[in-house]
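J.: Got a structure for you, questions after.
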Amino acid sequence: MGIEGIGARVARKEDRRFITGAGRYVDDMVVPGMKHAAFVRSPHAHAEIKKIDVKKAKAMPGVIDVLLGKELKTDGIGNLICGWMIHSKDGTPMKMGAWSPLAVDRVRYVGDAVAIVVAETKSQARDAAEAVEITYKELKSVTEAVDALKKGAPQIHPEADGNLIYDWEIGDAKATDAAIAKAAHVTKMHIVNNRLVPNAMEPRAALGHYDKAEDHYTCWTTSQNPHVARLVMSAFYNVAPENKLRVIAPDVGGGFGSKIYIYPEEIVCLWASKKTGVPVKWVADRTESFLTDAHGRDHVTEVQMAFDKDNKITALKVDTIANFGAYMSLFSSAVPTYLYATLLSGQYVIPAIHANVRAVYTNTAPVDAYRGAGRPEATYLLERTVETAARELGVSPADLRRKNFITTFPYQTPVIMCYDAGDYAASLDAAMKAADYAGFAKRKAAAAKKGKLRGIGMSNYIEACGIAPSAAVGSLGAGVGLWESAEVRVNGVGTIEVLTGSHSHGQGHETTFAQLVADRFGVPIDSVSIVHGDTDKVQMGMGTYGSRSGAVGMSAIVKALDKVEKKAKKIAAHLMEADEGDIVIENGVAKVAGTDKNVPWFQVALAAYTAHNLPAGMEPGLKEGAFYDPSNFTFPAGCYICEVEVDPETGVTEIVQFVAADDFGNIINPMIVEGQVHGGIAQGVGQALLEGASYDGASGQLVTASYMDYAMPRADDLPSFQVSTSNTPCPSNPLGIKGCGEAGAIGSPPAVMNAITDAIGNNDLTMPATPQKVWAAVRAAKKH
Amino acid sequence: MSDVSLVVNGRKVSGSVEDRTLLVHFLRENLGLTGTHVGCDTSQCGACVVHVDGKAVKSCTILAVQASGSEVVTIEGLANGAELHPVQAAFKEHHGLQCGFCTPGMIMSATDMIRRHPEGLDEATVRAELEGNICRCTGYHNIVKAVLAASKTMSKSKGKAKAA
C-alpha cells in the first residue's frame, strides 16, 4: 500500500486551508457589483395570498428591486419537481402538487418563499423584506401525517386528493398474512421515527451571477451535487440551457443530504440577477435553515413480526405513513419506498415480508433524504422489534438475532435487494467482545448500588449503499442514472489532476482519492490534485450522497487509472524497447520486471507530451476519462452496542459506552472512516436522545427553529466511541468498498433506545428520549 | 454610522460601520477575514469565536463598536507564519475536522481553554468547555482527542521554555 496508498492512515491534504481560516465557502465569495438578497417568507402554515404591496419596500434605502412569483412565472421559470416516479398499488402515478419557487396565490408552510428583495447590503435587504405588505387569508392547517389523512383535514394541493401522494406496497401480502396467522408468537409495535433537521453547520447559500456580455449564468451554491443542480435547473426549471449555466459548489460546510436538493433560493437568485442586472447573494440565517432545509424521517409505523416455535422469524408486516411536508422535494418519493422498504429484511432470513407505505402532504417543511435516508427508519423498526421480541420470548437478544442471521451469499431478500457478501456474526461477536457483554450483569449491579439504572442494547443494521445501478433505479422510477464519472490528467512533468463528479463536503476526497493514485503509480499524494465541484471543470457527475463516493466515485477513478496505466506502460515499453507486458509501475518509476531497466514516471509523462518518440500510431497526451455504473448496491452492515445509565430521579440518560463493529469492505483511509462513523453515531444518538423538530399543531409554527430550541448534540452529551471494522470485500466494485458515510446514523438509534428501555424496564418510549419522557416512563414502570 | 479602530492579527485597522454591525460582520465584510464563520443567529454554535484582548469571544455577540480599541486575533492570525499553532497542528493530526466550517471557532475556543488550564485538561473538562461550539460532522471524538493532545504539547513546550 505504501505510506500514502490504499489502507494508509494519511492526514488530510485539505485540512491546512480549513485550520488556517482559508477555506472558501459560498458566503466567502465576492463578485464585483454583488448585492444582497432577503426572502419574504410566509408566517402562516396555510393561507391564500390576497394582495402583495411592495411600494413601501421598494422605497426603502438601498433597495434595488422586489420581485414576485407572478413575474417569475411570466419569465417561464418552472415549478420544482420530485425526480423519482412512484406508482401507487392501484397503478396510478404519485400525485405531485405544484411548487412554485416563489408562491403566487397560496402558501403551504411557515417559511414558504413569497418574494425576494435585492438591496445594497444584507441589512437593507432584510429591513425592506419586513416592509413588504402581504394580505393573507389564513386557512386551516395540519402538521401530522396521520391527521392529514383523516376526513375533513385541510386539502393542501388540489392534485392530491385527501393529501395522499401515493399508497404503495412491496412484498407478498397474502404470504405474510398467512404466516402471521399461524405464528407461534407475534411481536407487535407502534413505531414513531421522529422528524429531524439536518443542520449542516454551514447554512445554505446561493450567489447568482448573470453575465450579460456572454448571456451566461454562474451559480455558487452549497450543493452536494452541482452537476445535478445544473441539469435540473436547465431541464426542468428553465433557468438557462446547460451550456449557459455554470454551477460551482466550492467548500461546502456539511450536507448530510440536505444539500442534495435544488431549492427555490438558487433558482430565484439566478433569475433575480438577470432581472436586476447585478450579482445576487443570499445566505440563510439559522432560523431560515430550520424552516426551509429539507427535514428528515417523520414516519409512523405499525409493525408485526412473526416467529415459529423455534424462534425463527417467519414474516414481517409493516404499515407506514410518511410525512412529506408541503411539497415533494427532489428525491422525497424514493426515501420511504426504495431506500426503506427494500431493507426490511435486515440481516435476517425472513421468508415473507409485506410493507405498505402512504406518503402524505402536511403544512410543514418538505421532507427528504437525511443521513441514511430510509435505512435508519427500516433499521429502527426492525431492531426495536427484534429486541422487543427477545424480551417477550425470554431469550437473549444476541441469540435471537444470531439464530435468524443470513449466513449464505448471495442472498435474495423478498424485497428486491440481493445481498452480495457479509458476515453478520463476525460483527456481533466483535461488538459483544469489545463491549464486554458478558460482564454487563456485574456492571448493572454496581450501578444499582449507586441508585442508577443500567441498561444495554444492541442493533444489527444493514444498509444499501453505492447507489446505484442506473438501469435498476431507472426501472424503479428514478429520473436520473446513478453512475459516476472521472478523468485522470497526467501533466507533462508527471503531476496529476483527478477530475471527479463526486463532491467533498467533509468526506476528505482530496486525500482519499489521491491515495488511489499514489497506490497505483507510487507518486506522492502531494503531486496529485483532486478537482471537483465545478461544472466548467468537471464534465458531468452525480455527486455525493448515499455513501456512494467510495464505491461509485472511486471506481470511476480506478477505471480511468486503468486506461492511463495501460497507455503509460505502452510508452514506457517503447522507450525501453521492452515488451509492454513486462512493465510494472511502482514507486514513481516504470520498470521492466526482473531487470534494472527503468524510466521515471515524469519521463513517461514528458514523452507522452513531447511526442517525439511514441509507439507508431499513438496519439500524444496522457489523459483518460471513464464512467462507472455499478452493477449492484453495496451492503455495509454491522453491530452497535450501547450501554446507558439512567438516573431514575431526573430521567437523565448517560451513555457510558458505545461500541461500533462495522463491515465496510475494503478501506482506503481508516482514519477518515472512523471519523465518518463517529459523526454518524453522534447524529444517531442525537436522534435518540435529543433532537426532534416540533410543529405546533394548532398554528403550524415550527417551535424548534433555533439552537435555543432544537437540541443539537454537544460535546458533553456524547462519550468517546469504540469503533472497529471487519472486512468482507464487496464483490461488485473493483476496490471492494461498501461505503461508510451513513452507517453510524443508521445503526445507533435503536441501540440507544434498546439500552434505555432495558434499563428502565419500560418499552413504551419514543425518540427523542428526553429526561422528561424517561422520567415519566420510569414512574409508569414502577406503577405496574 | 460609527468609527471603529482596532488591532486585528497585529495590524491596525479602522472603518466606518453602521451602529448595528456585529464584530463578526466587520471582520468578514470590512476586513475580508472570512475564516470566522456565522453558523447561527443565537450565539449558540461558536463558529465565530475569536480572541478579544486575549479571551475567547463569540464575535456575533458583540458590536464592532464595542470592540473598538481592542486587540483581536482571528483564525487567520493564529499560526506563526507557515508554522501552525499547536492546536491547529493537533486538529490536523487527529482528524479533528471534516467539513471545516466549525473548525476556526473550535480552534479559537480550544486555544483559550488550554490557556485557562495551565494545570492540564481531562476529557470531561474538554467536553464541558466545548459546550458553546457545535460540530455536526465529527461527533466531537477526534476534536476532544486533538484538544487533549495540543494541551499536552503546549505544556511540554512551556516546561522546556522554563527549564531553558
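Every read-out reported here was derived from the displayed coordinates using simple, explicitly stated rules and does not represent laboratory data. Owing to the predicted nature of the structure, the values given are computational and were not obtained by experimental measurement. Positions of Cβ are generated from backbone atoms using ideal geometry, with glycine treated the same way; all protein chains shown enter the neighbour counts.
J.: Which FRET efficiency, nearest 0.05, do residue A:596 and residue A:242 yield, Cβ-Cβ r, R0 51 Å?
T.: 0.45
J.: How much length would be gained if the chain were fully extended between residue A:190 and residue A:17, taking 0.36 nm per residue of separation minus their Cα-Cα distance, in nm to one decimal?
T.: In short, 57.5 nm is gained.
J.: So which of A:55/A:137; A:281/B:12; A:58/A:274 end up more than 26 Å apart by C-alpha?
T.: Beyond 26 Å between Cα atoms: A:281/B:12.
J.: For labels at residue B:2 and residue A:395 in the simple 7 Å Cα→Cβ model, what's the distance in nm?
T.: Between residue B:2 and residue A:395, the simple spin-label model gives 7.1 nm.
J.: Next question. For the range A:128-172, state which trypsin sites (Lys or Arg not before Pro) are in a DSSP loop and have at most 16 other beta carbons lying within 10 Å of their beta carbon.
T.: In loop regions of the range A:128-172 (DSSP not H, G, I, E or B), the sparsely surrounded trypsin sites (Lys or Arg not before Pro) are A:140, A:150, A:151.
J.: Now for a different question. For a distance above 15 Å, tell me the whole-number percent of Cα pairs in the range A:224-286 that qualify.
T.: 54 percent
J.: Using a 10 Å cut-off on Cβ to Cβ distances, tally the other chain neighbours for every residue of B:27-40 and report the average as a whole number.
T.: 5
J.: Also, I was wondering about something else. Under 18 Å Cα to Cα from residue A:567, which lysines show up? Leave out anything in the same chain fewer than 8 places away.
T.: Candidates past the 8-residue exclusion: A:559, A:591, A:623.
J.: Here's a follow-up. At 10 °C and 1.306 mPa s, what whole-number value in µm²/s does Stokes-Einstein give for the translational diffusion of chain B, with Rh from the Kirkwood sum over Cα pairs?
T.: Estimated via Stokes-Einstein, D reaches 98 µm²/s.
J.: Specify whether the C-alpha gyration tensor of the range A:1-145 places it in the rounded, prolate or oblate class, a ≥ b ≥ c being the square roots of the eigenvalues: rounded for a/c under 1.5, otherwise prolate if a/b is larger than b/c and oblate if not.
T.: The shape class here is oblate.
J.: So, one more: Using the basic label-point model (7 angstrom from Cα toward the beta carbon), what is the residue A:79 to residue A:425 distance in nanometres?
T.: Computed distance between label sites residue A:79 and residue A:425 equals 5.5 nm.
J.: Now for a separate question. Under 15 Å Cα-Cα from residue A:597, which aspartates and glutamates qualify once same-chain neighbours fewer than 8 residues away are excluded?
T.: Those aspartates and glutamates meeting the cut-off are A:577, A:579, A:580, A:582, A:586.
J.: Among B:20, A:714, which comes first, then next, by fewest other beta-carbon atoms within 10 Å?
T.: B:20, A:714
J.: So which aspartates and glutamates can residue A:56 reach, going by Cα to Cα under 12 Å and dropping same-chain residues fewer than 8 places off?
T.: Residue A:56 reaches A:65, A:127, A:130, A:133.
J.: So for the range A:712-784, taking the charge dipole from beta-carbon charges (+1 Lys/Arg, -1 Asp/Glu), which of A:762, A:780, A:731 sits furthest toward the positive end?
T.: A:780
J.: Could you tell me the center-to-center distance, by alpha carbons, between the range A:581-659 and the range B:94-164 in angstrom?
T.: 32 Å
J.: Sorting A:77, B:107 on the 10 Å Cβ count, fewest up front, what's the list?
T.: A:77, B:107
J.: Find the percent of Cα-Cα distances in the range A:337-427 that exceed 23 Å, and round it to a whole number.
T.: 31 percent
J.: Would you tell me the mean number of C-beta atoms belonging to other protein chains that fall within 10 Å of each C-beta in A:193-201, as a whole number?
T.: 3
J.: Another question, if that's okay. I'd like the distance separating the alpha-carbon centroids of the range A:689-748 and the range A:202-218, in whole Å.
T.: Going from one Cα centre to the other spans 33 Å.
J.: Stokes-Einstein at 37 °C, 0.692 mPa s, Kirkwood radius from Cα pairs: D for the range B:2-76 in µm² s⁻¹?
T.: After rounding, the answer is 276 µm²/s.
J.: Residue A:408 to residue A:562: extension gain in nm, 0.36 nm per residue of separation minus the Cα-Cα distance?
T.: Gain in length upon complete extension: 52.2 nm.
J.: How big is the range A:483-628 by Rg and Dmax over its Cα atoms, in Å?
T.: Taking only Cα atoms of the range A:483-628, I get Rg and Dmax of 15.4, 47 Å.
J.: Taking square-rooted eigenvalues a ≥ b ≥ c of the alpha carbon gyration tensor, is chain A rounded, prolate or oblate, where a/c under 1.5 means rounded and, failing that, a/b exceeding b/c means prolate?
T.: In terms of gyration-tensor shape, oblate.
J.: Then there's this: Cβ under 11 Å from residue A:716's Cβ, residue A:716 left aside: what net charge do those residues give with Lys, Arg +1 and Asp, Glu -1?
T.: -3
J.: Relative to the Cα centre, what is the charge dipole magnitude of the range B:86-156, using +1 at the beta carbon of each Lys and Arg, -1 at the beta carbon of each Asp and Glu, and rounding to the nearest 20 debye?
T.: Here the size comes out at about 180 debye.
J.: Please arrange A:95, A:35 by how many other C-beta atoms lie within 10 Å of their C-beta, fewest to most.
T.: Lowest count first: A:95, A:35.
J.: Take the Cα coordinates of the range A:694-784, assign each an equal point scatterer, and use the Debye formula without solvent to give log10 I(q)/I(0) at q = 0.11, 0.21, 0.24 Å⁻¹.
T.: Results for the range A:694-784 at q = 0.11, 0.21, 0.24 Å⁻¹ read -0.56, -1.16, -1.27.
J.: Residues of the range B:116-138 with amide nitrogen under 11 Å from the 7 Å Cα-to-Cβ point of residue B:155?
T.: Under 11 Å, as judged by backbone N against the label point of residue B:155, lie B:117-123 of the range B:116-138.
J.: Students often get this wrong: which residues of the range A:181-209 have the backbone nitrogen under 14 Å from the point 7 angstrom along Cα-to-C-beta of residue A:709?
T.: A:197
J.: Can you give the angle from 0 to 90° between the axis of helix B:103-116 and the longest principal axis of chain B, with both taken from C-alpha atoms, to the nearest 10?
T.: Tilt of helix B:103-116: around 70 degrees.
J.: Right, next: Quick one: grab the alpha carbon gyration tensor of the range B:86-156, order the square roots of its eigenvalues as a ≥ b ≥ c, and give me rounded if a/c is under 1.5, else prolate or oblate depending on whether a/b is larger than b/c.
T.: Because a/c hits 1.5 or more and a/b exceeds b/c, the range B:86-156 counts as prolate.
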